[in-house]
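Data block below; observations after.
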Amino acid sequence: MAFWVAAVVAATLVGMSKGGLPAVGMLGVPVLALVINPVTAAGLLLPVYVLSDLFGLYAYRHAFDRRVLAILVPGMVAGVVVGWATAALVPGWAVTALVGLIGFVFALNLLVRRKVAVVPRPARVGPGLFWGALTGFTSFVSHAGAPPYQVYTLPLGLTKVVFAGTSTIAFAILNAVKLVPYWQLGQLSPANLKVALVLMPVAAVAVFAGVRLVKLLPEAAFFRFVTWALLVLSVKLIWDGISGALA
């Protein structure tokens with residue numbers, strides 16, 4: 001019973017993230033890890049991410065930034081390849097703590113400067129490839145790609161709908177790419193796929209609930225929510241990383 005409660009909550013969080021509320025999906029693995037092994041949780045939730053992506057792609061099919069995607073996606077794919085190649089070499093706790101630290105510093109900086117008018121930055125190729133690669137790597141390791149992704153995209157001045165749509169499409173591509181290495185590493189078992197199918201209706205409803213919330217939230221409130229979510233999740237990642245190092 002505890003497993004299914006945690007699984008439904010995790011699927012809801014994943015679905016809402018695909019509906020345009022970035023960062024909340026990162027809570028899915030930690031929630032499910034309360035009742036099963038974290039590695040198993042990551043493998044089980046990847047099909048839920050992928051299936052939820054289909055609904056998210058439909059919802060935001062007309063709202064995205066082509067240039068941002070063209071810059072980020074090649075970096076993301078490269079990051080997944082690096083993560084796959086170094087899966088047995090890099091300790092998960094170190095990656096988790098690093099991602100948390102980056103996200104924490106960035107979100108704190110945004111909150112401190114939120115009342116100062118900041119000119120939106122252009123989508124530059126070099127930084128985009130770097131943060132895209134870091135997004136792909138951390139997403140492969142622990143589905144924790146939101147902090148580095150947001151470090152690059154939040155300063156671009158995208159509207160909330162375009163920001164949500166670009167995020168949804170970028171991570172849909174990323175999750176599809178991750179299927180191959182996850183399968184090769186044995187994390188996509190038939191049992192996991194069956195559970196993912198059971199959770200799919202929950203995630204689908206959550207996708208459209210997320211889309212609705214994005215439309216209802218005022219622009220400033222939306223980005224304030226994203227920034228605070230990033231800060232809270234980053235603290236959680238730092239804690240997880242320290243705990244893993246001490247275990």
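Filter region 15-25 for residues that are in contact with a Leu (Cβ under 7 Å, 6 or more places away or on another chain) and in a helix (DSSP H, G or I); which is nearest to Gln187 (Cα to Cα)?
Gly25
Quick one: how many residues across region 237-247 are within 13 Å of Val95 (Cα to Cα) and out of contact with any helix residue (DSSP H, G or I) (no Cβ under 7 Å at 6 or more places or on another chain)?
2
What helices (runs of 4 or more DSSP H) lie completely within region 136-247 and have 1 or more residues being open to solvent by 50 Å² or more (accessible area, probe 1.4 Å), farther than 17 Å from Ile102 by Cβ and basic (Lys, Arg)?
190-216, 219-246
Return yes when Ala59 is farther than 26 Å from Val9 by Cα and not hydroxyl-bearing (Ser, Thr, Tyr) and no when it is not.
no
All but one of (1) under 18 Å from the mean Cα position of the chain (by Cα); (2) open to solvent by less than 30 Å² (accessible area, probe 1.4 Å); (3) over 17 Å from Val202 (Cβ atoms); (4) among the small types (Gly, Ala, Ser) hold for Ala33; state the number of the condition that does not hold.
(2)
With the requirement that a residue be in a loop (DSSP other than H, G, I, E, B) and hydroxyl-bearing (Ser, Thr, Tyr), what does region 26-69 give you?
Across region 26-69, the qualifying residue is only Tyr60.
Is one or more of the residues making up region 163-173 farther than 19 Å from Val50 by Cβ and out of contact with any Pro (no Cβ under 7 Å at 6 or more places or on another chain)?
yes
Rundown of residues vs (1) open to solvent by 30 Å² or more (accessible area, probe 1.4 Å); (2) polar (S, T, N, Q); (3) closer than 22 Å to Thr166 by Cβ, yes/no style:
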position: Tyr49; (1), (2), (3): no, no, yes
position: Asp53; (1), (2), (3): no, no, yes
position: Arg67; (1), (2), (3): yes, no, yes
position: Ile71; (1), (2), (3): no, no, yes
position: Val77; (1), (2), (3): yes, no, yes
position: Ala85; (1), (2), (3): yes, no, no
position: Pro91; (1), (2), (3): yes, no, no
position: Ala97; (1), (2), (3): no, no, no
position: Gly100; (1), (2), (3): no, no, no
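The values are calculated or read from the model by the stated rules, or taken from the named source; none is laboratory data. What you see is a predicted model, and the numbers here were worked out from it, not measured in a lab. Using ideal geometry, Cβ is built from the backbone for each residue, glycine included, and neighbour counts are taken over all protein chains shown. Protein only, heavy atoms only, side chains kept; ligands, DNA and RNA dropped before computing areas. Shrake-Rupley method; radii C 1.70, N 1.55, O 1.52, S 1.80 Å.
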